[in-house]
Amino acid sequence: MITLERQAALNKEISLSESHANVISALKKVAVEFGFRHVTLLASPDPDDILLAPLVVETTWPRDYIREFDRRRLMRRCPLASILLGSALPVSWSVGHADNHNLQFDEQTLDLLRRYDIVTSAAMPLHSVDGNRFIMRFDGTRQPLSQSELNELGMIALHAFDVFDRLRRHEPRPTAPALTARELEVVRWTSQGKTSNEIGNILSLSDHTINAYLTNAIRKLDCVNRTQLVAKAIRLKLIA
């Protein structure tokens, strides 16, 4: 199938999606069509984020990969977010390949990627209508993408996210459960620009405990990262 026919067929299936599950199912087919094993949608990390798991919206990554990534605290060693933050274009890379868009992974990260067959990847920066930043990734063991393949994949990903975001904004939202007093306190300090370490010092709690409170608050308010959490907490008048 030539490029235009493939893109039209995949985009048609995405356009007909009536649920998030339909979009993800279509994206799995996109991954296979381009020779990838995995597709992932995640919130773009903030500088203070140290864990991958709370950022993941949808993924086919093995759970053990995410657990080990977080156990090793590899988030702050990953150069991808900073590269995408300064770009509106998709990027691709392959372990051991010369042209990797200045993405330099340390040995611990490379070891983990190889063990889970995540050696060739493509990623696209995405922005929702309500201003939140996301990243869509495709990962596997295929050969490096050509520029034309990357362009085609980027266009399909952009269309898929547009459909996904529209469904997300129009689906009914359950009433958010109340935050605990401690969760509210941590969100309030976060809104003032404090890092987890600084909040921990103020409240005499560990970074791990502070991050746990934030993760709970993010889940309860159906957010994807701290920035959205603070904005939603203010909108709901949970904090001033």
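Mind giving me the nanometre distance, one decimal, between the label points for residue 197 and residue 57, set 7 Å out from Cα along Cα→Cβ?
Taking the simple label geometry, residue 197 and residue 57 are separated by 3.0 nm.
I need the phi-derived Karplus couplings for the stretch 206-214: 6.51 cos²θ - 1.76 cosθ + 1.60, θ = phi - 60°, integer Hz, Gly and Pro marked x.
6, 4, 4, 5, 4, 5, 5, 4, 5
Straight-line reach from residue 29: which aspartates and glutamates fall under 14 Å, measuring Cα to Cα and dropping same-chain residues less than 8 apart?
13, 139
Place the peptides 205-214, 230-239 in order of packing, highest mean first, counting for every residue the other Cβ atoms within 10 Å and averaging per peptide.
205-214, 230-239
Name the lysines eligible as straight-distance cross-link partners of residue 28: C-alpha to C-alpha under 21 Å, and not fewer than 8 places from it in the same chain.
Once the sequence-local lysines are set aside, what remains near residue 28 is 12.
Given labels modelled 7 Å from the Cα in the Cβ direction, how far is it in nm from residue 239 to residue 16?
In this crude spin-label approximation the distance works out to 4.5 nm.
Please compute the length gained on full extension between residue 166 and residue 130, using 0.36 nm multiplied by the number of residues separating them and subtracting their Cα-Cα distance.
Extra length from residue 166 to residue 130 when fully extended: 11.9 nm.
Kindly state, to the nearest 0.05, the FRET efficiency for residue 159 paired with residue 185, given R0 = 41 Å and r defined as their beta-carbon distance.
Rounded to the nearest 0.05, the efficiency is 0.50.
In whole Hz, with x marking every Gly and Pro, tabulate ³J(HN,Hα) for the stretch 81-96 from phi via Karplus 6.51 cos²θ - 1.76 cosθ + 1.60, θ = phi - 60°.
4, 5, 5, 6, 4, x, 9, 10, 10, x, 10, 9, 7, 9, 4, x
Dipole size in debye (nearest 20) for the chain around its Cα centre, Lys and Arg Cβ +1, Asp and Glu Cβ -1?
620
Any chance you could give the angle, 0 to 90 degrees and rounded to 10, that helix 181-191 forms with the longest Cα principal axis of the chain?
Value to nearest ten degrees: 60.
What do you get for the angle between helix 226-235 and the principal long axis of the chain? Use alpha-carbon atoms, 0 to 90 degrees, nearest ten.
Helix 226-235 and the main axis of the chain meet at about 60 degrees.
In deg cm²/dmol and to the nearest 500, what is the mean residue ellipticity at 222 nm of the chain if only DSSP H runs of at least 4 residues count, each as -39500 (n - 2.57), divided by the residue total?
For the chain, the value works out to -15000 deg cm²/dmol.
By average Cβ neighbour count within 10 Å, what is the ranking of 140-150, 50-60 from highest down?
Ranked from most to least packed, the peptides come out as 50-60, 140-150.
Along the charge dipole of the chain, pointing to its positive end and built from +1/-1 on Cβ of Lys, Arg, Asp and Glu, which listed residue (47, 116, 97) has its Cα farthest out?
47
Along the Cα→Cβ direction, 7 angstrom out, place labels at residue 64 and residue 209. What is the inter-label distance in nm?
Reported label-point gap for residue 64 and residue 209 is 3.3 nm.
Values in this text are rule-based calculations from the coordinates and carry no lab data. Every value quoted in this text rests on a predicted model; they were computed, and no experiment measured them. Note that we place each Cβ from the backbone using ideal geometry, even for glycine, and neighbour counts take in every protein chain shown.
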